[in-house]
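**Student:** Submitted below is the structure of interest, expressed as structure tokens.
The values are calculated or read from the model by the stated rules, or taken from the named source; none is laboratory data. None of the values given here were measured: they were computed from a predicted structure. Cβ coordinates were reconstructed from backbone atoms using ideal geometry, including for glycine residues, and neighbour counts include every protein chain displayed. Please note that ligands, DNA and RNA were not included when accessible areas were found on the heavy atoms of the full protein model with its side chains. Shrake-Rupley method; radii C 1.70, N 1.55, O 1.52, S 1.80 Å.
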Amino acid sequence: GLAIAGDYMSAASFLGISGLVFANGFDGLIFSIGWLVGWPVITFLMAERLRNLGKFTFADVASYRFAQTPVRVFAASASLVIVAFYMIAQMVGAGQLIKVLFGLEYMYAEILVGIIMLMYVLFGGMTATTWVQIIKACMLLGGATFMAVSVLLQFGFSPEALFAKAVEVHSKHDAIMAPGALIKDPISAISVGMALMFGTAGLPHILMRFFTVPNAKEARKSVAWATTWIGYFYILTFIIGFGAITNLIQNPGEFYVGGEIAKGLKGGGNMAAVHLSKAVGGDLFLGFISAVAFATILAVVAGLTLSGASAVSHDLYASVFNKGCTSEQELRVSKMATIALGVLAIVLGIAFEKENVAYMVMLAFTVACSSNFPVLFMSVLWKNCTTRGAVVGGFVGLVLAAVLTIGSASVWEAVLHNPKGSAWFPYNSAAIFSMTAAFFTIWLVSILDNSAQAKKERDLYPSQQLRSETGLGASSASSH
């Protein structure tokens, strides 16, 4: 449970949500609530069934009763797009952190982080990652608790007094206690909520964790523990965000560029929590929180890079392009993919320097909830789903999510530097459109598919369910 929580409480959660609350107040909370609500979806719909199948990656699960090649090509493509978006957020967070701590130029900080991460993944592998996640989760929870308690201590443990002070000092005043500061229209709000909620169930590096427990009961228990820790942590990020408003704005000389609030925080808006650690605990605590944040980023990026590299080497190379390859060849391709992903992460991290990291992760969730989640959901829970339906629907969701995301203001204007107001997609998140389109396409194409292959796949469904219910799934998993 702690390892799953460690995987999930990324730099985006810690630095990003507190940064959003610091900038927009109450509205930043949609991220913590959305991400938390995603967990029951996994608990009740997915964890047990995934565990019963005894498979090891998202592609293995999606292709268990379908034609291997097309489904694996889809699964690998979706995983790589999600990993790329998710990685940008972590790299931006890491670059800003190193920039603040060592006074390096952002570009050099990014390159340094990229090289450290590559070394870590190439020589450490998956074994190191799980323990890093567990230790880091404990340290992050401890550090965040200390920060939240220190903030509440200043106000005699009265949240009301904290909020009143925040409203008084923040430039937006009363507006920070009302919704609408961050997400302006209802369609965007519903769409962002859907992305955060259902995207969780489509993240390749989170799904990988369910295949490391002995049985379905343990899978459920792990998720329950993970949900507890994550929920507690998200409550803390909210207090930390408001604590940053009351502590940093009143001391611009120390925390703002040139001592002027108009110029923004040193290191950008993502650094609110890091500056707050210095305000409440001095340089020693700043060092501790920075180390924890950096370990967080390293561990998450390591997990992401590994799932991206396995998508290339295991799902594409070994299962599609070169079916008879040896494990040495697969390992070599995996190492090459890791290096390529590392270089890509550095380049994208430099391009997206100014974006909020929680927001960037939301884009990864939009892609996950529009591509992986519908395919996983329909293939595991709907008898009539066919290969053709899953692949066509999955690709429709994937392409639509990526295209609409690029057309939204957050990428079209902020990253590609097109003139303001030129974005051709009006909403902040595409999830409500792309996820609906994916589900509809899977349903339509599967219903219309009367091929011999489709009939065979439909016949496979009940026996597969029966196997898992009678407990045969678990034994096949151990032999696997």
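**Student:** Which whole-number percent is the relative contact order of segment 260-334 (Cα, under 8 Å, 6+ apart)? Walk me through the numbers before you get to the answer.
**Tutor:** Numbers: 27 pairs, mean separation 13.4, N = 75.
Dividing the mean separation by the residue count of segment 260-334 yields 18 percent.
**Student:** Taking the alpha-carbon set of segment 69-165, what are its Rg and Dmax in Å?
**Tutor:** 19.4, 61
**Student:** In square angstrom, rounded to the nearest 10, how much accessible surface does LYS383 have for a 1.4 Å probe?
**Tutor:** 90
**Student:** Run the reach check for LYS99 against lysines, Cα to Cα strictly under 19 Å, same-chain hits fewer than 8 apart removed. What comes back?
**Tutor:** Once the sequence-local lysines are set aside, what remains near LYS99 is LYS263, LYS266, LYS278, LYS354.
**Student:** Let me have the 222 nm mean residue ellipticity of the chain computed from DSSP H runs of 4+ only, each contributing -39500 (n - 2.57), with the sum over all residues rounded to the nearest 500.
**Tutor:** Working: 21 runs with 345 residues, N = 480.
It lands at -24000 deg cm²/dmol.
**Student:** Hey, if you drop one equal point scatterer on each alpha-carbon of segment 161-316 and run the Debye formula without solvent, what base-10 log of I(q)/I(0) do you get at q = 0.21 Å⁻¹?
**Tutor:** Relative scattering, expressed as log10 I(q)/I(0), comes to -1.38.
**Student:** Hey, can you find the accessible area per residue of segment 264-367 for me, probe 1.4 Å, expressed in square angstrom? Show your work: numbers first, answer last.
**Tutor:** Values: 3670 Å² over 104 residues.
Dividing the accessible area of segment 264-367 by its residue count gives 35 Å².
**Student:** Taking the convex hull of the alpha carbon atoms in segment 382-445, what volume per residue do you get, in Å³?
**Tutor:** Numbers: hull volume 4.5 nm³, N = 64.
Each residue corresponds to 70 Å³ of Cα convex hull volume.
**Student:** Can I ask one more? Roughly speaking, what % of Cα-Cα pairs in segment 125-243 are separated by over 16 Å, rounded to a whole number? Numbers along the way, then the final one.
**Tutor:** On the way: 5206 of 7021 pairs.
So the pairs more than 16 Å apart make up 74 percent of the total in segment 125-243.
**Student:** What are the principal axis extents of the Cα atoms in the chain, in Å, biggest first?
**Tutor:** 71, 45, 41
**Student:** Using a 1.4 angstrom probe on the protein heavy atoms only, line up GLU160, GLU328, GLU457 by accessible area, largest first. Please list the in-between numbers first.
**Tutor:** Details: GLU160 150, GLU328 120, GLU457 5 Å².
The most accessible residue leads, giving GLU160, GLU328, GLU457.
**Student:** May I ask for the angle, rounded to the nearest 10°, between helix 372-381 and the longest principal axis of the chain, with both axes built from Cα atoms and the value confined to 0 to 90°?
**Tutor:** Long axis of 372-381 versus the principal axis of the chain: about 40 degrees.
**Student:** Same structure, new question: Report, by chain and number, residues whose modeled amide H sits under 5 Å from the one on ALA67, excluding near sequence neighbours (fewer than 5 apart, same chain).
**Tutor:** For ALA67, the qualifying residues are THR387.
**Student:** Counting pairs of alpha carbon atoms under 8 Å apart in space and at least six apart in sequence, what relative contact order in percent does segment 374-468 give?
**Tutor:** Values: 108 pairs, mean separation 38.5, N = 95.
Computed value for segment 374-468: 40 percent relative contact order.
**Student:** For segment 244-299, evaluate the Debye formula with one uniform point scatterer on each Cα (no solvent term) and list log10 I(q)/I(0) at q = 0.13, 0.29 Å⁻¹, rounded to two decimals.
**Tutor:** One equal scatterer on each Cα of segment 244-299 leads to -0.32, -1.15.
**Student:** At 1.4 Å probe size, put SER422, SER222 in order of accessible surface, largest to smallest.
**Tutor:** Values: SER422 45, SER222 20 Å².
Ranked list, largest accessible area first: SER422, SER222.
**Student:** Taking K and R as +1 and D and E as -1, what net charge do the other residues with C-beta under 15 Å from the C-beta of CYS325 add up to?
**Tutor:** Values: positive: ARG72, LYS323, ARG332, LYS335; negative: ASP315, GLU328, GLU330.
Net charge around CYS325: +1.
**Student:** Taking Cα atoms, how many degrees apart are the long axis of helix 159-169 and the longest axis of the chain, rounded to 10 and kept between 0 and 90?
**Tutor:** 70
**Student:** Percent relative contact order of the chain, based on C-alpha pairs within less than 8 angstrom and at least six residues apart?
**Tutor:** Values: 774 pairs, mean separation 145.5, N = 480.
Relative contact order for the chain comes out at 30 percent.
**Student:** Tell me, how many Å apart are the Cα centres for segment 267-306 and for segment 412-438?
**Tutor:** 30
**Student:** Give me the net charge of GLN453's neighbourhood, meaning all other residues with Cβ under 14 Å from the Cβ of GLN453; Lys, Arg count +1, Asp, Glu -1.
**Tutor:** Numbers: positive: ARG65, ARG388, LYS455, LYS456, ARG458; negative: ASP449, GLU457, ASP459.
Result for the local shell: +2.
**Student:** What is the sum of charges, Lys and Arg at +1 and Asp and Glu at -1, for the other residues whose Cβ falls under 11 Å from the Cβ of LYS278?
**Tutor:** Working: positive: LYS266; negative: GLU254, ASP283.
Summing Lys and Arg as +1 and Asp and Glu as -1 gives -1.
**Student:** Hey, what angle do you get for helix 452-469 against the long axis of the chain, alpha-carbon based, 0 to 90 degrees rounded to 10?
**Tutor:** Relative to the chain, helix 452-469 is tipped by roughly 70 degrees.
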